[in-house]
Amino acid sequence: MTERTFSIIKPDATRRNLTGAINAVIEAAGLRIVAQRRVKLTDAQAKTFYEVHAERPFYGELVGQMTAEPVVVQVLEGDNAMAKYREVMGATNPKDAAEGTIRKLFALSIGENSVHGSDSLENAAIEIAQFFKAEDIVG
Ligand code: GDP
């Protein structure tokens, strides 16, 4: 089934000029980038986005990292896009990530792990709506 999922290329990756390299992995996996925008997240945007982690010990660090430098927010479209992108991203901790995944290739640590991808279709819809208007997504 054709789905849409939400992706963020995180500051550790934009800082190292890896946007194109990461997009190449995404496209090679058969996912289409149907919306994309570079943005510097505000503290409020990052806190809202990661609200589910508010009680976790790394929350402050995570919000700090996500607002430090620009990110690239994206909508990815394709067959089974949500689960497929989770596979292409690799495990949260790059030490556990499979060969060829974005996090194995590029991530620095569990915190600076280069990309975000929605973990359910329900969250994908919420996350997409936080950053994109319907008319800005061209499939
Ligand atoms: P994901 O869905 O694979 O991104 O992982 P989670 O939803 O569990 O965590 C969200 C994000 O929080 C991760 O991508 C990391 O950037 C960060 N994170 C998760 N666990 C840790 C941790 O133990 N330490 C730090 N510093 N960051 C973490």
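Assuming 0.692 mPa s and 37 °C, estimate D for the chain with Stokes-Einstein, Rh taken as the Kirkwood radius over Cα pairs, in µm²/s. Mind showing how you got there, number by number?
On the way: Rh = 14.9 Å.
In µm²/s, the coefficient rounds to 220.
If you place +1 on the Cβ of every Lys and Arg, -1 on the Cβ of every Asp and Glu, and leave all else neutral, what size is the dipole of the range 44-139 about its Cα centre, to the nearest 20 Debye? Intermediate results must be reported in sequence, preceding the final value.
Working: 8 positive and 15 negative charges, 45 e Å.
It comes to approximately 220 debye.
Give a quick list of GluC sites (Glu not before Pro) in the range 1-70 that DSSP marks as loop, anything other than H, G, I, E or B, with at most 13 other Cβ atoms within 10 Å. Intermediate results must be reported in sequence, preceding the final value.
Numbers: sites: E3, E27, E51, E55, E61; in loops: E55.
Answer by residue number: E55.
Tell me, what is the per residue accessible area of the chain in Å², probe radius 1.4 Å? Working shown, then result.
Working: 7180 Å² over 139 residues.
Per-residue value: 52 Å².
If R0 is 25 Å, what FRET efficiency do you get for I33 and N93 from their C-beta distance, rounded to 0.05? List each step's numbers first, then the result.
Details: r = 26 Å, r/R0 = 1.03.
Taking R0 as 25 Å, the efficiency between I33 and N93 is 0.45.
By how many nm would the segment from D136 to R56 grow when fully extended, if each residue of separation counts as 0.36 nm and the alpha-carbon distance is taken off? Write down the numbers at each step before the final one.
On the way: separation 80, 0.36 × 80 = 28.80 nm, distance 3.34 nm.
Contour length minus Cα-Cα distance gives 25.5 nm.
The values are calculated or read from the model by the stated rules, or taken from the named source; none is laboratory data. Only a predicted model underlies this, so the values are computations on that prediction, with no experimental measurement involved. When we count neighbours, we look across all protein chains shown, and the Cβ atoms used for this are built from the backbone with ideal geometry, even at glycine. Areas reflect the complete protein model, heavy atoms only, side chains present, ligands, DNA and RNA absent. Shrake-Rupley method; radii C 1.70, N 1.55, O 1.52, S 1.80 Å.
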